[in-house]
Structures are given as C-alpha cells and as structure tokens.
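Q: Okay, handing you the structure first.
The values are calculated or read from the model by the stated rules, or taken from the named source; none is laboratory data. Predicted, not measured: the structure shown is a model, and the values here were computed from it. Cβ coordinates were reconstructed from backbone atoms using ideal geometry, including for glycine residues, and neighbour counts include every protein chain displayed. The accessibility values were calculated without ligands, DNA or RNA, using every heavy atom of the protein model including side chains. Shrake-Rupley method; radii C 1.70, N 1.55, O 1.52, S 1.80 Å.
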Amino acid sequence: MEKFVCNICGYVYDPEKGDPDNGIAPGTAFADLPESWVCPDCGATTDEFEKAE
Amino acid sequence: MNKVFKAEKISANVWWVGASDWNVRNFHGYLTSRGSTYNAYLIIDEKVTLVDTVKAPFADEMLARIRSVIDPEKIDYIISNHAEPDHSGALPAAVAAIKPEKIFTSVAGAKTLTAYCGDLGYTAVKTGDAVDLGQGKCTFVDTKMLHWPDSMVCYYDRDKVLFSQDAFGMHLAGSYLWADMYDWSVLEQEVRKYFANILNLYSDKVIALLDSLPGLGLDIEVIAPDHGPMWRQELEKIIALYRDCAQQNPRPKALVAYATMWNATKCCAEAFADGVRSKGVEVELADLNVCDRSDIMTKASLSGIIALGAPTMNNQVFPLMADVLNYLKGLRIKNKLGFAFGSCGWSGEGAKQIAAAFEEMKIQQPCPMKQVKYMPTEADLEEFFNTGAALAQELLEKLK
C-alpha cells in the first residue's frame with residue numbers, strides 16, 4: 001500500500017502502521033481514511049496529502 | 001518624517017537592520033512583558049542581500065538602518081525565512097525601495113507571501129539549495145512547521161552565521177544585540193516562554209531537527225534569530241536549552257491555576273497548594289483573573305503537576321478556564337499529573353469539563369476530580385490538602 005505525505009508539515013501516512021492514536025487501525029489504506037481524519041501533526045485535511053515519492 | 005536609525009555590525013559582513021518594539025505587550029495574545037525586536041539582517045557581499053524584514057509599522061526604521069550602510073537600491077536579493085507578518089509586513093515597502101533582482105523563500109513561503117503581500121515574484125528554494133553571493137553563499141534548510149509551513153533557515157558560510165528565523169529567539173527588547181550581554185536567567189525565562197507558547201506542540205520536530213544539525217556540517221559561529229538578541233558564545237548552551245524544552249521532562253513543581261467568583265475555588269486551591277508544599281515540592285498559585293494565559297502555559301511547561309480549578313457559570317466551566325484549557329490543549333502539553341477541582345452551586349460542569357479536557361490531552365489524573373457545593377467545609381479543605389500531598393508524593397516517586 002502506498003504512503004502519503006502531508007504537503008503542509010511533511011508527516012508521512014504509512015498504511016501499514018495506520019494512526020492508532022486517532023483510531024485508524026494498521027492496514028488502513030489512505031483512500032479508506034474517514035473524512036474526519038486529519039494530519040496528526042498539523043491538522044491539515046486529506047486533500048493536502050499527496051503520494052510519497 | 002525622515003527617521004534616523006543606524007545599523008549595527010554583527011560580523012565582518014553582516015549588519016543588524018531590524019527594529020525594536022519596546023512597548024508591545026500583547027503579541028497575538030502572548031504577553032510580551034519585555035517587548036520584542038523584529039530582526040532583519042543585511043549581508044554586504046558582491047550580491048547584497050537582506051535577510052527577512054520587520055513588522056509593517058517598522059518599515060521606515062528598517063530602511064533607515066539599511067540607508068546608514070548602503071543605498072537600498074544596491075540590494076540585489078531578499079531572503080524571506082518566515083512569511084508571518086512580523087517578518088514580512090515590511091516586505092512590500094522593502095521591495096518598493098530595493099527593487100530586488102530576486103526574493104528567495106521556501107515553496108510554502110511563496111504561497112503564504114503571495115497571500116499576505118501579493119505576488120512580488122518569489123523564487124522558491126528547498127533544503128540544500130544555495131545562492132551564490134560572490135565571496136560567500138547562503139544555504140537553505142527547510143524547517144517546515146517550526147513553526148509555520150513556510151519556515152526555513154539559512155546559513156551564510158563566509159561569516160559562519162545561521163539566520164535561524166524564529167528558532168532560538170525570544171521576545172526581548174533591550175540595549176544590547178548579543179545574548180551574552182544579558183543575565184542568563186532572563187534569557188532562559190524568555191526562551192522557555194517563547195518555546196512553550198510557540199513551539200511546544202512541535203517538540204518532536206524540534207528534537208528531530210536538533211538531531212539532524214551535526215549532519216548538516218554547518219560551522220556556526222553566530223546564531224541570528226528573528227526576535228531578541230543574537231548568540232555568539234556557548235552556542236551549545238542555547239541548543240541544550242532547546243532540547244530540554246522539547247523533551248518536556250516533568251519537574252518537581254506544581255502549578256495550581258484557578259478561576260474564582262466568590263473565593264470558594266480559591267480556598268480549595270490554597271489548601272491543595274499547602275498540601276503539595278508539605279512534601280517539599282515547589283508550588284505556584286496563579287489566579288486566572290490576573291495571570292495571562294501565556295504565563296500559565298510557561299508555568300505549566302515547567303511543572304510536573306498541573307492542578308486546574310474553576311467554578312461553574314451558566315452550566316459551563318468558568319470562561320477564563322475554558323480559554324486556558326483550549327490553549328493548553330492546542331500546545332499539546334505532556335508528561336504531567338493533572339488534578340481537576342472547583343466549586344459549584346448546582347449543575348457542576350466546571351470541574352467535570354476540566355477533567356474531560358485532561359482526559360482528551362491524555363494527562364494522567366491519579367486523584368479523582370473534586371468539586372464542592374458553594375463553599376468548601378473544613379473537611380473538604382482537609383481533603384484538598386491531603387490530595388495535594390498525595391499528588392506531590394506521586395510526582396516525587398515518578399521523578400526518582
């Protein structure tokens with residue numbers, strides 16, 4: 001699964017790890033993140049993310 | 001009116017051309033008790049370069065300082081390390097006077113500066129990019145989210161100066177340009193306050209950046225921040241202080257911050273504080289009616305225990321406490337023991353909302369929230385004393 005990087009702060013969403021602190025189980029693809037999910041570092045919404053190179 | 005201000009030399013080829021804001025006391029809600037400075041720097045090289053500008057009302061002061069060294073039109077480049085208006089407010093005036101060949105900023109900086117100043121023609125740079133100034137060069141390092149997306153720093157190799165933007169800065173206006181000319185306790189206090197109120201939520205990124213510093217291979221002799229004095233001696237001391245702030249290690253101290261309407265919550269706070277003190281742990285009582293939120297945050301950052309107390313008003317936690325909870329939550333304080341308390345007449349949302357906020361902030365509450373009706377009884381106050389002592393004991397165990 002592909003990693004996505006936050007354009008605002010550089011946080012990398014790694015689907016293998018998910019974001020358990022915010023209720024996202026490991027193995028959740030970026031596309032399957034709920035609409036309410038925001039970057040845990042800077043609070044940016046998912047439209048600020050792009051595929052990691 | 002023509003203003004007369006002189007530039008001050010900070011190294012062989014670099015001049016300070018900033019402005020002192022002696023009497024600013026409210027910096028977007030941050031109590032700046034000692035005023036502040038907006039630092040801009042002029043590099044005299046084959047390509048003359050201005051690093052950052054000042055807050056808009058100080059544009060004339062900056063331009064007057066520049067004129068004391070060189071005709072502004074002889075400046076070739078402007079570097080904007082940070083797009084926030086205290087450093088970019090005077091950019092349009094500077095561009096009009098200078099007509100620069102290029103304005104360098106980060107990728108995010110180009111967007112942010114366009115929003116604030118319009119499109120003045122920006123050249124976006126990334127980590128590792130460098131601009132040749134003739135005898136020396138300026139190398140850029142992205143410092144995203146320290147503390148804005150656009151933040152970057154740059155290093156001028158000829159004079160070994162790191163222009164560190166808001167990093168290693170503080171709100172302090174004074175007679176001297178150099179940090180070593182001030183009392184260390186004043187510097188430490190203001191650096192800790194700046195860190196707590198501006199950078200605390202990005203502590204992990206600060207540690208990562210400090211860890212990466214040696215790898216950048218920069219031979220730094222001067223750190224020139226955008227606020228307050230510059231550093232030229234014992235640079236490791238300010239770097240160590242930053243690391244200490246970012247680690248947020250708990251200390252043997254308790255902050256008891258409260259709001260009060262008819263002194264009931266105040267009585268509870270005082271009893272709790274006495275209990276803490278009985279275990280030999282330092283305690284500080286702060287009444288939100290007279291204590292600024294930015295000072296509360298600073299005190300909280302230095303404490304291992306944070307006890308917050310408030311009355312209930314209109315079925316809500318008292319407004320001053322709501323403000324502080326919101327602020328502490330945003331700044332992501334951690335490694336604290338929390339205690340929620342208060343006095344209420346009937347519904348009692350006050351202490352409950354404080355306890356809920358602690359939970360949201362993942363702050364441990366070893367002792368359950370305590371709320372009294374109207375006025376605390378003697379037995380209540382005894383209990384507050386004992387709770388203070390118990391939490392202090394718990395903190396001492398934790399610090400062992």
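Q: Here is a check on your reading of the model: is A:E50 open to solvent by 90 Å² or more (accessible area, probe 1.4 Å), within 14 Å of another protein chain (Cβ to nearest Cβ) and either in contact (Cβ under 8 Å) with a residue 40 or more places away in the chain or touching a Cys at 6+ places or on another chain (Cβ under 9 Å) (or both)?
A: yes
Q: Okay, next question. From (1) away from every other protein chain (no Cβ under 14 Å); (2) touching a strand residue (DSSP E or B) at 6+ places or on another chain (Cβ under 6 Å), pick out the condition that doesn't hold for A:D32.
A: (2) is the only condition that A:D32 fails.
Q: Identify the residue in segment B:130-166 that is β-branched (V, I, T) and within 14 Å of another protein chain (Cβ to nearest Cβ) and, among all such residues, is nearest to A:C42 (Cα to Cα).
A: Among those residues, the one meeting the criterion is B:T143.
Q: Just for segment B:220-268: of the residues that are among the polar types (S, T, N, Q) and assigned to a loop (DSSP other than H, G, I, E, B), which one is farthest from B:L201 (Cα to Cα)?
A: Across segment B:220-268, the extreme among qualifying residues is B:N263.
Q: On the given criteria, is B:S88 away from every other protein chain (no Cβ under 14 Å), buried (at least 21 other Cβ atoms within 10 Å of the Cβ) and within 19 Å of B:V48 (Cβ to Cβ)?
A: In short, no.
Q: Let me ask another. Within segment B:271-289, take every residue that is touching a helix residue (DSSP H, G or I) at 6+ places or on another chain (Cβ under 7 Å) and in a helix (DSSP H, G or I) and give me the one that is surrounded by the fewest Cβ atoms within 10 Å (Cβ to Cβ).
A: The selected residue is B:S278.
Q: Could you say which residue among B:A110, B:A124, B:A94 is modelled with pLDDT of 95 or more and open to solvent by less than 10 Å² (accessible area, probe 1.4 Å)?
A: Step by step, each of B:A110, B:A124, B:A94 is checked, and only B:A94 is modelled with pLDDT of 95 or more and open to solvent by less than 10 Å² (accessible area, probe 1.4 Å).
Q: Something else now. Scan (1) touching a strand residue (DSSP E or B) at 6+ places or on another chain (Cβ under 8 Å); (2) open to solvent by less than 10 Å² (accessible area, probe 1.4 Å) for the single condition B:M297 breaks and write down its number.
A: Of (1) touching a strand residue (DSSP E or B) at 6+ places or on another chain (Cβ under 8 Å); (2) open to solvent by less than 10 Å² (accessible area, probe 1.4 Å), only one is false for B:M297: (1).
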